[in-house]
Every structure is written in structure tokens, then in C-alpha cells.
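Inspection log for the structure reproduced underneath, given as C-alpha cells.
The values are calculated or read from the model by the stated rules, or taken from the named source; none is laboratory data. Keep in mind that what you see is a predicted model, and the values were worked out from it rather than measured. For neighbour counting, all protein chains shown are included, and Cβ atoms are generated from backbone atoms with ideal geometry for every residue, glycine included.
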Amino acid sequence: MAQTVLCEVENCVYNAEGEKCTATEIFVASNNGNNEASSQEETDCQTFEPEN
């Protein structure tokens with residue numbers, strides 16, 4: 001299991017210094033209409049929450 005999760009989305013509430021994700025869980029979903037992906041482009045991070 002990954003020990004460090006990096007994120008470059010600057011306005012995510014979970015983005016800490018050094019582009020480190022501080023969320024306790026990460027949920028990645030496919031965005032192509034089914035539960036499988038064949039490339040990175042077919043995935044989305046559902047954990048994202050914008051900063052206020």
C-alpha cells in the first residue's frame with residue numbers, strides 16, 4: 001500500500017505542503033461509465049474537496 005499520496009490540485013482542502021494528500025482515505029473512480037479503466041485519463045479522484 002502506498003505510504004505517500006501526492007496531489008497537485010492546489011485548491012483541495014487535503015493538499016498539504018509539498019503536494020502531499022492528508023486525506024485519511026482516497027477514492028478513485030472511473031469516469032468512462034463502468035468500473036474499469038484502461039488509462040489514467042479514465043479515472044477521477046472522488047476524494048477532492050475544494051478549500052473554502
Looking at (1) within 11 Å of the chain's Cα centre (by Cα); (2) surrounded by 12 or more Cβ atoms within 10 Å (Cβ to Cβ); (3) at pLDDT below 95; (4) of a type outside the set (Gly, Ala, Ser), which is the only condition Gln46 fails? (2)
Matching residues, the stretch 1-43, being surrounded by 10 or more Cβ atoms within 10 Å (Cβ to Cβ), without any contact (Cβ under 8 Å) to a residue 12 or more places away in the chain and of a type in the set (A, V, I, L, M, F, W, C): Ala16, Ala37
Is it the case that Thr4 is out of contact with any helix residue (DSSP H, G or I) (no Cβ under 9 Å at 6 or more places or on another chain) and modelled with pLDDT of 95 or more? no
